[in-house]
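Participant: I'd like to ask you about the structure that follows.
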Amino acid sequence: MKAYLLDPAVARYVIEHTTRPDPLLERLAEETAEVTASNAGMQISPDQGRFLTMITKLAQPRVAVEVGTFTGYSSICIARGLTGGRLHCFDVSEEWTSVARRYWTEAGVADRVTLTLGPALETLAAFDETIDLAFLDADKVNYPGYYELLMERLRPGGLLLADNTLRRGWVADPAHDEDTTVDIRQFNDLVMEDPRVTVVMLPVADGLTMIMKN
């Protein structure tokens with residue numbers, strides 16, 4: 001669990017009072033740690049996974065989009081929440097998404113997932129469907145570009161969830177000028193200044209911002 005913003009005792013309490021992931025997701029997390037080494041931290045936490053499934057069930061999207069699929073944990077959680085809709089995943093890595101493909105099949109959600117490989121700034125630009133729900137968890141420097149492409153396609157009342165928007169809390173420290181923190185800080189300011197949206201930033205895991213298009 002990415003409990004960077006919580007007291008350890010509170011973090012343990014949260015874990016103990018959140019429905020645990022099923023064995024398939026636990027195996028996926030273990031394999032991700034083995035095959036991606038230091039990149040395993042890119043995977044969402046189990047509590048985020050539960051949240052994604054619940055919010056998808058509540059939103060009942062016809063078209064859901066994920067930018068940044070990695071090895072498939074978040075996409076499985078979103079796909080499990082679909083009730084007749086379809087999830088379109090955009091990622092650049094054939095290697096890591098090959099893991100996702102195996103687990104989509106095992107999870108029984110492969111028939112509701114479409115994967116598009118390539119730079120998402122290009123592939124999203126060619127996507128011509130109206131989006132009901134989007135999850136953004138890709139390279140942070142390009143968040144503003146992904147955001148604009150998603151917003152252009154998001155229906156009024158649609159939701160966009162952006163991950164890692166608190167950056168371990170470093171975004172609140174002006175003295176912290178590491179590149180990714182600066183990128184996220186600028187993205188957060190961009191979203192807050194956008195008159196098209198209503199925003200709630202949740203201190204879940206590494207920060208999860210819910211953005212509703214007005």
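The values are calculated or read from the model by the stated rules, or taken from the named source; none is laboratory data. If you're wondering where the values come from, they're calculated on a predicted model, not measured in any experiment. Note: ideal-geometry Cβ built from the backbone for every residue, glycine included; neighbour counts use all protein chains shown. In case anyone asks, the SASA skips ligands and DNA or RNA and just uses the protein heavy atoms, side chains included. Shrake-Rupley method; radii C 1.70, N 1.55, O 1.52, S 1.80 Å.
Participant: What's the magnitude of the charge dipole for region 10-150 around its Cα centre, counting Lys and Arg as +1 and Asp and Glu as -1 at the beta-carbon? Answer in Debye, nearest 20.
Facilitator: The calculated dipole for region 10-150 is roughly 480 debye.
Participant: Got the relative contact order for region 1-124 handy, in percent, Cα pairs under 8 Å and 6 or more residues apart?
Facilitator: With pairs under 8 Å counted, the relative contact order is 21 percent.
Participant: Using θ = phi - 60° and the Karplus curve 6.51 cos²θ - 1.76 cosθ + 1.60, what whole-Hz ³J(HN,Hα) does each residue of region 26-38 get, with Gly and Pro shown as x?
Facilitator: Per-residue couplings from phi come out as 5, 5, 4, 4, 5, 5, 4, 4, 6, 8, 10, 6, 5 Hz.
Participant: Keeping all protein chains in place, calculate the accessible area per residue for region 101-201 (probe 1.4 angstrom), answer in Å².
Facilitator: Here the residues of region 101-201 average 49 Å² of exposed surface.
Participant: Which residue, Thr165, Thr114, Thr181, has the most motion in a Gaussian network model of the chain that connects Cα atoms within less than 10 Å?
Facilitator: Ranking Thr165, Thr114, Thr181 by mean-square fluctuation puts Thr114 first.
Participant: Tell me, what is the 1.4 Å probe accessible area of Arg101, in Å² to the nearest 10?
Facilitator: Near enough 100 Å² of accessible area.
Participant: Give the long-range amide H neighbours of Val197: residues separated by 5 or more places, or on another chain, with amide H under 5 Å away, using H modelled in the peptide plane at 1.01 Å from N.
Facilitator: For Val197, the qualifying residues are Asn214.
Participant: Averaged across orientations, what area in nm² does the convex hull of the alpha carbons in region 171-214 project?
Facilitator: The directionally averaged projection comes out at 3.2 nm².
Participant: If you count the DSSP beta bridges with both ends in region 92-214, what percent of them are antiparallel, to the nearest 5?
Facilitator: Roughly 70 percent of the beta bridges in region 92-214 run antiparallel, per DSSP.
Participant: At 1.4 Å probe size, with the rest of the protein present, what percent of the exposed accessible area of region 73-214 is carbon and sulfur atoms?
Facilitator: The C+S portion of the solvent-accessible surface of region 73-214 is 54 percent.
Participant: Could you tell me how far the Cα centroid of region 152-208 sits from the Cα centroid of region 23-51, in Å?
Facilitator: About 22 Å separates the Cα centre of region 23-51 from the one of region 152-208.
Participant: Let me ask something additional. With every protein chain left in place and a probe of 1.4 Å, what is the accessible surface of Met201, to the nearest 10 Å²?
Facilitator: Counting only protein heavy atoms, the figure is 80 Å².
Participant: Using DSSP, restrict attention to beta bridges with both residues in the chain and report what percent are antiparallel, rounded to the nearest 5.
Facilitator: Here the share of antiparallel DSSP bridges comes out near 35 percent.
Participant: Only Cα pairs under 8 Å and at least 6 apart count here; give the relative contact order of region 110-214 as a rounded whole percent.
Facilitator: Value for region 110-214: 28 percent.
Participant: Kirkwood hydrodynamic radius (Cα pairs, Å) of the chain?
Facilitator: 17.4 Å
Participant: Using alpha-carbon pairs under 8 Å, 6+ residues apart, how would you state the relative contact order of the chain in percent?
Facilitator: The normalised contact order for the chain reaches 19 percent.
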